[in-house]
Every structure is written in C-alpha cells, then in structure tokens.
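Since the structure comes first, as structure tokens, the remarks are kept for the end.
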Amino acid sequence: MSRAQRYGNLAAVIVPFVALIAAIVLLWNRAVGWIDVGLLAGLYLLTGLGITVGFHRLLTHRSFQTHRPVEYALAILGSMAVQGPVASWVADHRKHHAHTDAEGDPHSPHVGRGKGLRGLLHAHVGWFIYDHGRAEQERYARDMIEDRGMRFIDRRFELWVLAGLAIPFALGLLLHGTLRGALIALIWGGLVRIFLLHHVTWSINSICHVFGRRRFDIEDHSTNVLWLALPSLGESWHHNHHAFPRSARHGLKAWEIDVSALVIRVMRRLGLAWNVVEITPERQAALLAR
C-alpha cells in the first residue's frame, strides 16, 4: 500500500468520526430535523445494500445472477460506502475466505497483527489502514478487472465517493432551502452515514470472529451475532455464511433477520435476480456440530 493510499484510508476513518462529534453537537442543540434523519436512513440502506447485496453476495460470492446494469448500479452504490474500490474489496474478501483465521487472512482477530484486544482492534479498523487492498487482484478478483464496466467503476472510486457526499448536500439544499440545511444534511446523510456503515461492516470482521454463537462444524472462529443483524442488513449471521459462503441467504432460520436476503427475494420476483443459491435443510443438517 502506498503512503497516499494509507493516508487516504486514515482520512476515511477520522473524518467521519469528527463529523459524528459535530452531528452530536447539532443534535444536542436540536438543529437536526426529520429530513436529515431520513437522508441518513435512506442513504445508509442504499449504500449498505450496495455492500451486502452488491459487493458481497453478488460480486464476491456469485450467490445469484442479475442483469449487467443492475450489477453495475450495485457496484456504484457499494463504492459510495467508502470501503474501497470494488475490485480491491472483492479481492480482500475472497482472500479472507481462502485463509479464514489463518496466516494470510487480511483481517482476522486471531492471527497477523496480534491476538486479544490488539487483534480485535486490528480486525475492526487497523487492517483498513495498513492491510486494506493488498490482496492480489489477478488472483482473487480477475473477473472484476477483466470486466470493462466493472473496471471503469473501480478506477473512478473517488468520483463515487464524491457523489455519495454530493447527493445529501444537494437534497439538503433542495429540501431545506438553505446552505446551512445543506451542510447539516451532508454531515448526517454523508459523513455520519459513512461512519456508521464503516463500523457496522468492520464489526463483522472483528466481533463476528470473537463473540457470538456457532452451530456448524467448521474450522474457523466465525460467529453469529443477533444484535448486529438489523444494522448489518443480515451480514452478522457470519458463521452461517462461512459454513455456506455461496448462500444468498445468511439468516438460515426463519427468525434470523436478513434484510439483504429479503431484497434478493424481491429482486427475483421482479425478474431482476435468478440462479439464486439456496442451501437445503439436508445440507445444513449434515454440517451441524455434533
């Protein structure tokens, strides 16, 4: 990783945190309205689904197929989450699955840069500053770099980041009618949204490999964490995911909330998703821990 990339990742961690502090001050002074909260929630959902449905289940694991324009739209939304360009995200995550909780895993809390609290901090945020984007794309994300449209999206990552900030600013200006309102909308719908989505996503790397429950007989340390299910849009059923990486549904039981799987189900009914990978009860039963 170049020094510029490392500083850029560091800024992506620090700037949203500073904005969160500013947002708390604004909230304390009651300078925040339903418009700003609505922009936060709406853009969190859209960019979050860009990560969970787009970057993760579609592009990394090919859990379903869709039309190419839909694929590109999801990749752009995922890029607006500011978790790195699509090809590097996919490469890092595929490497994580190839070396889960073993040497070579980019963000394991158990190996690499220490264990215990130090390992947990590395898996949560340290890896993003020091090890993010180092997985070989030729090896782990060849399909991304060989796709002309995906390559275009990947190389214009900064443009999508700016778009993800410009949209709440423009909507704030339109709906509030003032520059002050636009700036508050930018803080909540842009920077605070990035901060929250960052730390929810990173919690899958850290918390969901240390704390939580397990039921399948697999060798890594992945866990399921109930309280993260809603904010992570279903990604915190991480142990289920590691047991069946290609499954489009991570919440395998009826009560395991999985918003991303619900979105994929709706897409299938609309003809926007097909060849959706599902895991039969028999396959699940065969892998249960004895």
Every listed condition ((1) touching a helix residue (DSSP H, G or I) at 6+ places or on another chain (Cβ under 6 Å); (2) assigned to a helix (DSSP H, G or I); (3) farther than 22 Å from Ala261 by Cβ) holds for Cys208 save (3)
Subset of segment 255-275, residues outside any helix (DSSP H, G or I) and farther than 25 Å from Asp217 by Cβ, comes to Leu270, Gly271, Leu272, Ala273, Trp274, Asn275
Which residue pairs have Cβ atoms closer than 6 Å, lie 6 or more positions apart in sequence or on different chains, and pair a first residue in segment 256-271 that is touching a residue at least 12 places away in the same chain (Cβ under 8 Å) with a second residue that is surrounded by fewer than 19 Cβ atoms within 10 Å (Cβ to Cβ) and not hydroxyl-bearing (Ser, Thr, Tyr)?
-> Ile257/Leu230; Arg268/Val276
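Among what's in segment 193-203 and is surrounded by 24 or more Cβ atoms within 10 Å (Cβ to Cβ) and hydrophobic (A, V, I, L, M, F, W, C), pick the residue that is nearest to the chain's Cα centre (by Cα).
Leu197
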Within segment 83-94, can you find the residues that are part of a loop (DSSP other than H, G, I, E, B) and under 10 Å from Ile51 (Cβ atoms)?
-> Gln83
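Yes/no per residue for (1) assigned to a loop (DSSP other than H, G, I, E, B); (2) at pLDDT 90 or above; (3) out of contact with any helix residue (DSSP H, G or I) (no Cβ under 8 Å at 6 or more places or on another chain); (4) not aliphatic (A, V, I, L, M):
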| site | (1), (2), (3), (4) |
| --- | --- |
| Asp101 | yes, yes, no, yes |
| Gly104 | yes, no, no, yes |
| His107 | yes, no, no, yes |
| Leu117 | no, no, yes, no |
| His124 | no, no, no, yes |
| Trp127 | no, no, no, yes |
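Could you check how many residues of segment 258-276 are among the hydrophobic types (A, V, I, L, M, F, W, C) and surrounded by 17 or more Cβ atoms within 10 Å (Cβ to Cβ)?
7
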The condition from (1) closer than 25 Å to Gly116 by Cβ; (2) in contact with a helix residue (DSSP H, G or I) (Cβ under 6 Å, 6 or more places away or on another chain); (3) of a type outside the set (S, T, N, Q) that Gly234 misses is numbered (1)
Unmet requirement for Leu252, which otherwise passes all of (1) touching a residue at least 40 places away in the same chain (Cβ under 8 Å); (2) more than 16 Å from the chain's Cα centre (by Cα); (3) surrounded by 20 or more Cβ atoms within 10 Å (Cβ to Cβ); (4) assigned to a loop (DSSP other than H, G, I, E, B) | (1)
Of all the residues that make up segment 129-162, how many are surrounded by 15 or more Cβ atoms within 10 Å (Cβ to Cβ), at pLDDT 85 or above, part of a helix (DSSP H, G or I) and among the hydrophobic types (A, V, I, L, M, F, W, C)?
-> 7
Starting from segment 135-161, take each residue that is of a type in the set (Phe, Trp, Tyr) and list its partners that are in a helix (DSSP H, G or I), counting only C-beta distances under 6 angstrom and pairs at least six apart or across chains.
-> Tyr140/Ala91; Tyr140/Arg94; Tyr140/Lys95; Phe157/Ser79; Trp160/Ile76; Trp160/Ser79
Which number in (1) over 23 Å from Pro281 (Cβ atoms); (2) in contact with a helix residue (DSSP H, G or I) (Cβ under 6 Å, 6 or more places away or on another chain) marks the one condition that Arg214 misses?
-> (1)
Filter result for Gly78 (in a helix (DSSP H, G or I) and buried (at least 20 other Cβ atoms within 10 Å of the Cβ)) | yes
If you check every pair at least six apart or on different chains, which have Cβ atoms under 6 Å apart with a residue in segment 276-290 that is on the phi < 0 side of the Ramachandran plot first and a residue that is part of a helix (DSSP H, G or I) second?
-> Val276/Arg268; Leu287/Ala243
Consider only pairs whose beta carbons are under 6 Å apart and that are at least six residues apart or on different chains; among these, list those whose first residue lies in segment 67-96 and is free of Cβ contacts under 8 Å to residues at least 40 places away in the same chain and whose second residue is among the hydroxyl-bearing types (Ser, Thr, Tyr).
-> Leu77/Thr47; His93/Thr60
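The values are calculated or read from the model by the stated rules, or taken from the named source; none is laboratory data. Since this is a predicted model, take the numbers as computed values, not measurements. No Cβ is skipped: glycine too gets one built from the backbone with ideal geometry, and neighbour counts run over all protein chains shown.
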